[in-house]
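Please read the structure below before turning to the comments.
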Amino acid sequence: MCGRYTLKKNEKELGEHFKISFSSIKNQQRFNIAPTQIVPTVIETDKGNELHGYRWGLIPHWAKDKSIGNKLINARAETVHEKPSFRQSFKTQRCLIPADGFIEWKKQGKDKQPHYICLKS
């Protein structure tokens, strides 16, 4: 996973795609979503799928300092179930983060150039 992504879909499109029964946020197109920002998040409840805004970054239940969430923004799929920081959340607190593109940085000489990755469709 990268450190930046995009979400061009509006709230209505997200609602139709994920069958949202309730939304507490107004989603607008965003082209440079970064860690620590509030991001649209789909959660499953007894009433159906809901769309809420949550801060990007995991704060483990045992953390004494909430700033650890600035560093815990990604987990490797192969080891997420093993890592102490992610293990419990992986088992009990699932959600979907809608995204339609990712930004990766590629070093070119002394500079870094952004590369946008998305489906052709």
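Filtered by the rule that a residue be among the aliphatic types (A, V, I, L, M), in a loop (DSSP other than H, G, I, E, B) and surrounded by 12 or more Cβ atoms within 10 Å (Cβ to Cβ), region 57-105 gives Leu58, Ile59, Ala63, Leu72, Ile73, Ala75, Val80, Ile97, Ala99. When every residue of region 96-107 is checked against the conditions, none turns out to be in contact with a Gly (Cβ under 8 Å, 6 or more places away or on another chain) and closer than 15 Å to Lys9 by Cα. Within region 1-47, restricting attention to residues that are part of a strand (DSSP E or B), of a type in the set (A, V, I, L, M, F, W, C) and open to solvent by 60 Å² or more (accessible area, probe 1.4 Å), the residue that is nearest to Pro114 (Cα to Cα) is Phe31.
The values are calculated or read from the model by the stated rules, or taken from the named source; none is laboratory data. It should be emphasised that the depicted structure is a prediction, and the values quoted were computed from it without experimental measurement. Ideal geometry is used to build each Cβ from the backbone, glycine not excepted, and the neighbour counts take in all protein chains shown. Note: accessible area is taken over every heavy atom of the protein model, side chains too, but ligands, DNA and RNA are not part of it. Shrake-Rupley method; radii C 1.70, N 1.55, O 1.52, S 1.80 Å.
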